[in-house]
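Q: Sharing a structure with you now.
The values are calculated or read from the model by the stated rules, or taken from the named source; none is laboratory data. Values in this document were obtained by computation on a predicted structure and should not be read as measured data. When we count neighbours, we look across all protein chains shown, and the Cβ atoms used for this are built from the backbone with ideal geometry, even at glycine. Calculation scope for accessible area: heavy atoms of the full protein, side chains included, ligands and nucleic acids excluded. Shrake-Rupley method; radii C 1.70, N 1.55, O 1.52, S 1.80 Å.
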Amino acid sequence: MKSARWRVKIALVILLLSVFLAFLAALLIRTYTFDPAGQPASGSPGGAGTGLAANLSLAEGTLLLRHLQAALRIPTVTRSPTDLNTLALQEFGDFLAKAFPTVFSSNLVQHEVIANYSHLFTVRGSNDSLQPYMLIAHLDVVPALAEDWEVPPFSAEEQNGYLYGRGAMDDKSSVMGILQGLEFLLKRGYKPSRTFYIGIGHDEEVGGNSGARNIATVLQSRGTKLSFLLDEGSAILSGIIPGLDKHAAVIATSEKGYVTISLSVNMGTGHSSMPAKESSIGILAAAVSKLENNPMPRMFGQGPERGLLEHLSPQLRFPLNVVMANLWLFAPLVSRMMENEPSTNSLVRTTTAVTEFHAGVKANVIAPSARATVNFRLHPLHTLEELLHQVQNIISDDRVKIEVLEYHPSLPLSSYNDNSFGYQVIKGTIRDVFPEVAIAPGLCIASTDTKHYLNLTRELYRFTPMIVKQEDLARIHGVNERLSVKNYEEFVKFYFRLMQNSDFWKLPLPRSALGDL
């Protein structure tokens, strides 16, 4: 009898071990055969023939650096839709004409000023059968407090190979890189086959409702349809993704929306010597504390953020490659890991940020009212109705009035796949300029001017060739914003190549077919 029981136990152990080994084998097989990107586009280039050969002279390298410094020294600050530094915005427009004389004098380029301070360039191609594309950026910047910076924020000082200045990362490097790349191409006699547009907005930091919106309206009124659009909003990540031993170029194919709400409490006032049990400040502070201590639910794996890790999984070290290639199993674990860091928590859920709190009139007067502003960055699958319902449940206090101040829904996933024309153009250009980087689609966690161009194309991408390390994340809209001189040269090279690559229907092209810069 005992012998029979032992045989059953041994058989059960063997069965369980076999199941475990089979399961492990399935995980490993999926890990090492997993190809989320699919096959790259193939075929020969068409439409433009051979690209230009060009070399960046020492004088040109010095010139492009001086141009960026001059741009950073113009304080094009926007604080609100009605609080703009209009003198600086006008000065920047005048500066562009001086910095890029070939662009402004070429018979291939039409320049228009939109809404007083934004700029639309039409670069005419020779083949009208090719659908145009568009590059966009913005020239305005957020305010900067000089006393917090190591150098004056509008000095554009160069230190240890870096240019410091508000707008170095967001987004004057894109503005200047695009136009500098075009300037170099035109000076070398380049004539594009495909028409393209360059849109430079002047109020992106406060919503883009005057600049980008009007640029898009002008193009739409002319019946323009684009093959793809490329904006800022993502970058090349260095040392940020665990388990990845190379840079990761993230092409954002979707964008988080945002909701700004007002929380207010109105109670009686009086002398501070005779306070009531609760005050408007205390009630509102409790409500705000509840929101901060009860984050929105995790939604990782349900949106476009999943594609980022799956695309990178073949290049991650063991065991992270196994985990990321099998998110069907490990997504809850990955989600819990990612929520521990602000930079990755933003991919997991709708984030909550208390940005303003106003109350009180005098030290010995009980505040009659209190008001706070809360900004939520919406996960693409999180609706406004769901968010407001959750906010009400978390606060659970009828004395707190909730009002929506501003709402922009998440932008839909671009209508693309890995063989889409625009995606291949961008990916091929990245590989040409940064041959060692990993490339993956991703999610833009900020709000960009892209939202104004939804009626012009279904291929909407966000990427700049900016190399960002962990310590650089706080510099964006923060203190000591900077960009390396070498990286800015790569900006110019990237757009120089992109304009050539876009003349071809199919990519990648051999490196020898493109102009060198």
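Q: Calculate how large, on average over all directions, the projected area of the Cα convex hull of the chain is; give the answer in nm² to one decimal.
A: 32.9 nm²
Q: May I pose another question? Work out the P(r) tail for the range 105-155: percent of alpha carbon pairs separated by more than 14 Å, whole number.
A: That tail contains 70 percent of the Cα-Cα pairs.
Q: For the chain, what is the accessible area per residue in Å², given a 1.4 Å probe and the full set of protein chains?
A: Computed with neighbouring chains in place, this is 45 Å² per residue.
Q: Shifting gears a bit: Tell me whether the range 268-326 comes out rounded, prolate or oblate; compute the Cα gyration tensor, take square roots of the eigenvalues as a ≥ b ≥ c, and use a/c under 1.5 as the rounded threshold.
A: It is prolate, given that a/c is not under 1.5 and a/b is the larger ratio.
Q: Would you mind counting up the charge near L456? Only other residues with Cβ under 14 Å from its Cβ, with Lys and Arg at +1 and Asp and Glu at -1.
A: +2
Q: Under a straight-distance cross-link criterion of Cα-Cα below 17 Å, which lysines are reachable from K187, leaving out those fewer than 8 residues away in the same chain?
A: Partners found: K98, K493.
Q: If packing is taken as the average number of other Cβ atoms within 10 Å across a peptide's residues, how do 444-455, 475-486, 265-276, 334-345 rank, most packed first?
A: Answer by packing, highest mean first, reads 444-455, 475-486, 334-345, 265-276.
Q: Which helices count as membrane-span-like in the chain under these terms: full DSSP H, at least 30 Å along the axis by C-alpha, Kyte-Doolittle mean of -1.0 or more?
A: Membrane-span-like by this criterion, though nothing is claimed about a membrane: 2-33.
Q: With a ≥ b ≥ c taken as the square roots of the eigenvalues of the C-alpha gyration tensor of the range 357-404, please select rounded if a/c is under 1.5 and otherwise prolate if a/b is larger than b/c or oblate if it is not?
A: Prolate, since a/c reaches 1.5 and a/b exceeds b/c.
Q: With a cap of 15 neighbouring Cβ atoms within 10 Å, and only residues DSSP puts in a loop, list the GluC sites (Glu not before Pro) found in the range 269-317.
A: Listed in order of number, the matching sites are E278.
Q: Cβ neighbours within 10 Å, averaged per peptide: list 194-206, 384-396 in order, most packed at the top.
A: 194-206, 384-396
Q: In addition: Got the relative contact order for the range 333-417 handy, in percent, Cα pairs under 8 Å and 6 or more residues apart?
A: 22 percent
Q: Summarise the accessible area of the chain (1.4 Å probe, protein heavy atoms) by the percent that is carbon and sulfur.
A: 55 percent
Q: Taking loop as defined by DSSP and a crowding limit of 14 other beta carbons within 10 Å, which trypsin sites (Lys or Arg not before Pro) in the range 351-388 fit?
A: K362
Q: Shifting gears a bit: Mind ranking 182-190, 281-289 by how tightly packed they are, going by the mean number of other C-beta atoms within 10 angstrom, highest first?
A: 182-190, 281-289
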